[in-house]
1. Given H placed 1.01 Å from N in the peptide plane, which residues other than close sequence neighbours of Asn297 have an amide H under 5 Å from its amide H?
2. What aspartates and glutamates could a cross-link reach from Lys460, if we take a straight Cα to Cα line under 12 Å and drop same-chain neighbours fewer than 8 places away?
3. For every helix of n ≥ 4 consecutive DSSP H residues, a contribution of -39,500 (n - 2.57) applies; sum these over the chain, divide by its total residues, and give [θ] at 222 nm rounded to the nearest 500 deg cm²/dmol.
4. For segment 494-505, what does the Karplus curve 6.51 cos²θ - 1.76 cosθ + 1.60, with θ = phi - 60°, yield as ³J(HN,Hα) per residue in whole Hz, taken in order and with x for Gly and Pro?
5. In whole Å, how far is the Cα centre of segment 439-483 from that of segment 240-276?
6. So for segment 215-284, considering every pair of alpha-carbon atoms, how many percent are separated by more than 16 Å?
7. By average Cβ neighbour count within 10 Å, what is the ranking of 143-154, 458-469, 491-502 from highest down?
8. So if R0 is 35 Å, what FRET efficiency would Lys480 and Glu280 give, r being the distance between their Cβ atoms, rounded to the nearest 0.05?
Amino acid sequence: MEYNYNKSNNMNTFFKSLTALTMVTFAASASGTSSNPLIEGSNLPFGTMPLSKLTPEQYEEGVLEGIRLQNQEIDAITKQRSVPTFENTIVALDRSGEILNRSILALSNLENASGDTVIMAVVARVTPILSEHSSNIMLNTQLWERVKQVYDNKDKDISLTPEDKRLIEKTYLGFILSGADLKGSDREKFRRLNSELSELTVKYGQNVSNAMKEPSRRMWLKKSDLTGIPQSVAESYREAARDALEQEGKEDDGDSYLVTVFAPSYQPFMKYSDRRDLREKLYRLFNSRNNGGEFDNTLILRDIANVRLEIAQIMGKKNFAEYQLQNTMAKTPEDVMDFLENLRKAYSEPMKVELKEIEEYARASEGSDFKLAAWDYSYWADRLKNERYAFNDEDMKPYFELNNTIKGVFGLATRLYGYKFKETEKIDKYHPDVKVYEVYEKDGKLLGILYADFFYRDGKSPGAWMTEFRGETKDDNGNKNIPLISIVCNFSKPVGNNPVLLTPYEVETFLHEFGHALHGLSSEAKYASLSGTNVDHDFVELFSQFNENYLTEKEYLDGFAKHYETGKKMPQDLIDRFVKSAQFGAAYACMR
């Protein structure tokens with residue numbers, strides 16, 4: 001099962017990856033502006049932004065002005081005559097770029113959540129500027145010398161706390177990985193390669209997003225084509241067809257159903273449709289994305305691999321993995337491969353047994369010559385699971401009504417940590433679907449703000465993720481700036497007056513992303529570069545995976561899983577069957 005705490009293949013990942021390398025905020029070129037809350041700050045509650053009112057021009061202005069101001073901050077660090085210290089160099093660098101960071105986070109959040117072409121154009125324009133300025137910071141010789149001097153003397157300064165030393169080490173490594181210690185022409189070559197890589201990465205991500213929305217990636221069906229599809233899913237396909245026909249100004253014949261390659265549409269069709277030919281068609285539509293046509297990524301992918309290799313070689317490494325893993329717990333490709341090989345050995349034989357069982361089960365219906373194909377797995381695995389455990393995901397959906405599930409997911413944090421969640425209407429949001437919550441600690445102290453964007457929309461990036469509009473930080477006096485955290489999902493919107501009923505998979509996804517949100521909300525770091533999810537990338541999934549495992553705990557389900565019509569608790573027998581079935585197909589899932 002795949003999750004993203006920050007969306008991959010998009011601008012936010014680009015900035016996050018740069019942040020992981022540099023441990024500072026990035027910048028671009030100059031511009032004077034006025035009446036822009038991204039620049040001037042906000043007088044709205046808790047310093048939140050007027051997200052529904054910000055314009056594409058203001059996002060771009062915020063980035064450009066943020067760059068200009070951060071340039072001034074960097075100049076102030078490098079031009080001072082004082083001996084480099086932790087405070088006047090490392091801390092000053094960590095606190096630089098506040099306006100830029102605010103603008104980048106708001107822009108990247110909107111790009112992912114809306115897929116607006118105008119916003120995507122802004123992202124495309126600012127990306128090379130941001131990359132250039134990142135290089136200007138990290139390849140600034142005077143700044144590097146100051147950072148290096150503080151790093152070299154860190155063990156002599158008895159006033160430094162472990163957290164202070166961690167910031168020094170992360171900052172130093174960030175400069176090393178960004179080419180600061182390169183000599184001569186290698187420095188400019190690294191700058192060029194870094195710029196190429198950032199532009200290629202953003203282009204790749206935008207192509208993925210655009211390809212998902214291509215009209216050719218859709219299947220228009222009739223009701224007679226939907227054999228095996230549950231009624232609630234069929235209703236969502238009917239609603240999608242009505243919306244699409246209305247947008248395109250076409251007449252609705254009353255028997256049109258639309259299936260797309262977005263997960264809320266794709267996954268149930270692959271699981272439930274009796275039509276093998278249509279499952280194959282949809283599978284191929286999904287898996288042929290970005291392979292040819294206007295949004296082809298094959299050459300871009302090749303170029304990314306080549307540029308990465310050049311970067312690794314110029315940094316004295318054999319490959320990009322060896323270069324990139326320096327900033328993780330794993331450290332080396334050998335450690336990663338040993339870990340993966342141990343998993344492969346553990347899962348390989350059980351997976352073969354699973355696939356053989358599923359194929360033999362299918363042959364009982366389809367004939368002895370039936371060969372299990374990729375578009376058959378979900379369908380036949382689900383049928384076998386249902387028969388073996390007398391369990392179907394659809395049986396649980398009436399007990400996972402969204403509003404009640406929100407209470408259950410948030411209630412877990414209340415029970416474990418004493419946190420309380422209060423929905424508020426006084427905070428602006430970028431879309432009417434978004435819910436906003438004030439989060440309080442047990443003693444009533446405000447912990448942070450949580451934005452929750454649950455529903456699929458046209459243009460919205462696929463998947464689910466956690467991100468932030470502002471990470472937790474502290475000022476010079478130790479006063480906390482509360483974090484502004486966001487979780488984004490792609491649940492199917494309600495059809496008519498029907499309630500939103502979630503599958504166990506969707507509840508697990510919710511719990512997972514909420515685990516990341518708790519990581520961001522609970523942060524008590526002194527420095528921005530160490531707060532929230534700014535941890536080693538191979539550590540960051542700990543909290544989310546811990547959280548999602550509660551879904552198979554009987555005591556937890558018993559506390560909130562109630563039938564949306566009768567109010568009755570989920571029957572113990574259903575919970576037992578769900579828990580027993582939870583590991584079905586686990587080896588195949590892990591090998592994927």
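1. Hits under the 5 Å cutoff: Asn291, Gly292.
2. Correct list for Lys460: Glu111, Asp116.
3. Values: 22 runs with 311 residues, N = 592.
After summing the helix terms and dividing by the residues of the chain, the value is -17000 deg cm²/dmol.
4. Calculated HN-Hα couplings, in order: x, 9, x, 9, 5, x, 8, 10, 9, 7, x, 4 Hz.
5. Here the two parts' Cα centres lie 34 Å apart.
6. On the way: 968 of 2415 pairs.
The answer is 40 percent, as a whole percent.
7. Numbers: 143-154: 18.5, 458-469: 21.8, 491-502: 16.6.
Highest to lowest by the protection proxy: 458-469, 143-154, 491-502.
8. Details: r = 54 Å, r/R0 = 1.55.
For Lys480 and Glu280, the calculated efficiency is 0.05.
Bear in mind these aren't lab numbers, they're just calculated from the coordinates by the rules spelled out. Fair warning: this is a prediction, and the values are worked out from it, not measured in the lab. Cβ coordinates were reconstructed from backbone atoms using ideal geometry, including for glycine residues, and neighbour counts include every protein chain displayed.
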